[in-house]
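Visitor: Mind looking over this structure? Questions follow.
The values are calculated or read from the model by the stated rules, or taken from the named source; none is laboratory data. Since the model is a prediction, treat every value here as computed from it, not as a measurement. In this analysis, Cβ positions are derived from the backbone assuming ideal geometry, glycine residues included, and neighbour counts consider all displayed protein chains.
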Amino acid sequence: MSTLDDMPATPPAAPAAALPWRRLFYWTVRRELWEHRAVVVAPLVVAGVVLVGFLLSSFGLPHALRDLAAGKSKHPDMLMASHSVAALSVMLTGLIVGVFHASTALHGERRDRSILFWKSLPVSDLITVLGKAAIPLAVIPVVTFAIVFAAQLVVFLWSNLLTLFTGVSFSVLWRHVDLGTMWVVLGYGLIVNALWQAPLFAWFILVSAWAKRVPFLWAMIPFVAPGIIEGIGFRTAHWAHFLGERVFGGFAEAFSKGGKGEAAIDGIGELDPLRTFGLPDIWVGLVFAAIFLAAAVWLRRRREPI
């Protein structure tokens, strides 16, 4: 008669295969989008408001087209105004959403204690932090481009529809609205802005990993306090100028000739990526961004729920 000792031992269960980091990173980014729908909703709302404003003002477009055809208009670039306003409004909204997302990225999970659950999953602190940083540095620029692309296309199609009622050739409109150039410059500019503002977003992520309360205010103190001290003590504004360049300098670098902020880029040939991507401002900023993100990873590994 067989006994328990004679029965074959149950083979040990095979260890679960580790998920590739690309898949973990992908689902980390998806999680951020599920939890922070404002990343998509806020730019959409702003684009909708801009389109409503354009539709209300578009009744003067036929008259403007007739003046352009007759050579009476002194401001032919006004046809680009709606396209430019749509792009700028959505980009600024993306910047604001990105700052607020970064400032709560690691603080929120400590505040609601969900960090205990997320740490129980096989996702490293490095992938978690990089997934959160990907929202302002990669996802928001892509969302911005898609929304601006759609908004400008709607504006252009509506303008063409109104042109039918003017008796003016479509070439008058097409000659002053070059969507191909605008979209190439927009994509290029969003990449430049993301790299330029990388240390800003990384700093907010770092503070969100450190602060116990109001991380946005803690993150703003190093920006505001030196300017106040300088203004009161020395009656100068060098810090404010430097800060403005660090936050908004990417817009001038990406969308103006020579990065001087004096004249807008009119053609693809005026882009100068070799000069732009060779600027020390970008590379020094990326070094600081890497340092801030590394510090955020170190802090998340040691932080407990609030």
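Visitor: For segment 259-305, what are the residues that are exposed (fewer than 14 other Cβ atoms within 10 Å of the Cβ) and either modelled with pLDDT under 80 or part of a loop (DSSP other than H, G, I, E, B) (or both)?
Guide: Residues satisfying the conditions are LYS260, GLU262, ALA263, ALA264, ASP266, GLY267, GLY269, PHE277, GLY278, GLU304, PRO305.
Visitor: Among the residues of segment 231-242, is any touching a strand residue (DSSP E or B) at 6+ places or on another chain (Cβ under 8 Å), among the charged types (D, E, K, R) and more than 16 Å from ASN193 (Cβ to Cβ)?
Guide: Looking through segment 231-242, none of the residues is touching a strand residue (DSSP E or B) at 6+ places or on another chain (Cβ under 8 Å), among the charged types (D, E, K, R) and more than 16 Å from ASN193 (Cβ to Cβ).
Visitor: Related question: Just wondering, is there one or more residues in segment 250-257 that are modelled with pLDDT of 85 or more and buried (at least 16 other Cβ atoms within 10 Å of the Cβ)?
Guide: Taking every residue of segment 250-257 in turn, none turns out to be modelled with pLDDT of 85 or more and buried (at least 16 other Cβ atoms within 10 Å of the Cβ).
Visitor: Another question, if that's okay. Kindly indicate which of THR144, THR166 is of a type in the set (Val, Ile, Thr), farther than 29 Å from LEU33 by Cβ and either touching a residue at least 60 places away in the same chain (Cβ under 8 Å) or not in a helix (DSSP H, G or I) (or both).
Guide: THR166
Visitor: Would you check if there is a residue in segment 84-95 being at pLDDT below 90 and either farther than 24 Å from VAL184 by Cβ or of a type in the set (Val, Ile, Thr) (or both)?
Guide: Yes, the conditions are met somewhere in segment 84-95.
Visitor: Scan segment 82-132 for residues that are under 20 Å from PRO20 (Cβ atoms) and buried (at least 23 other Cβ atoms within 10 Å of the Cβ) and jot them down.
Guide: THR128, VAL129, LYS132
Visitor: Is there a residue being modelled with pLDDT of 90 or more and of a type in the set (A, V, I, L, M, F, W, C) anywhere in segment 114-126?
Guide: For segment 114-126, residues modelled with pLDDT of 90 or more and of a type in the set (A, V, I, L, M, F, W, C): present.
Visitor: When you scan segment 176-197, how many residues do you find that are surrounded by fewer than 23 Cβ atoms within 10 Å (Cβ to Cβ) and closer than 17 Å to LEU130 by Cβ?
Guide: Total satisfying the criteria: 2.
Visitor: Output the residue which, of all residues in segment 281-306 that are under 24 Å from the mean Cα position of the chain (by Cα) and of a type in the set (Val, Ile, Thr), is farthest from ALA211 (Cα to Cα).
Guide: Checking each candidate, the answer is ILE282.
Visitor: Step by step: first the residues of segment 244-290, then only those that are β-branched (Val, Ile, Thr) and in contact (Cβ under 8 Å) with a residue 40 or more places away in the chain, then the one that is nearest to ILE96 (Cα to Cα). Which residue is that?
Guide: My answer is VAL247.
Visitor: Hey, can you tell me all the residues within segment 231-246 that are of a type in the set (Val, Ile, Thr) and surrounded by 11 or more Cβ atoms within 10 Å (Cβ to Cβ)?
Guide: Answer for segment 231-246, where residues must be of a type in the set (Val, Ile, Thr) and surrounded by 11 or more Cβ atoms within 10 Å (Cβ to Cβ): just THR236.
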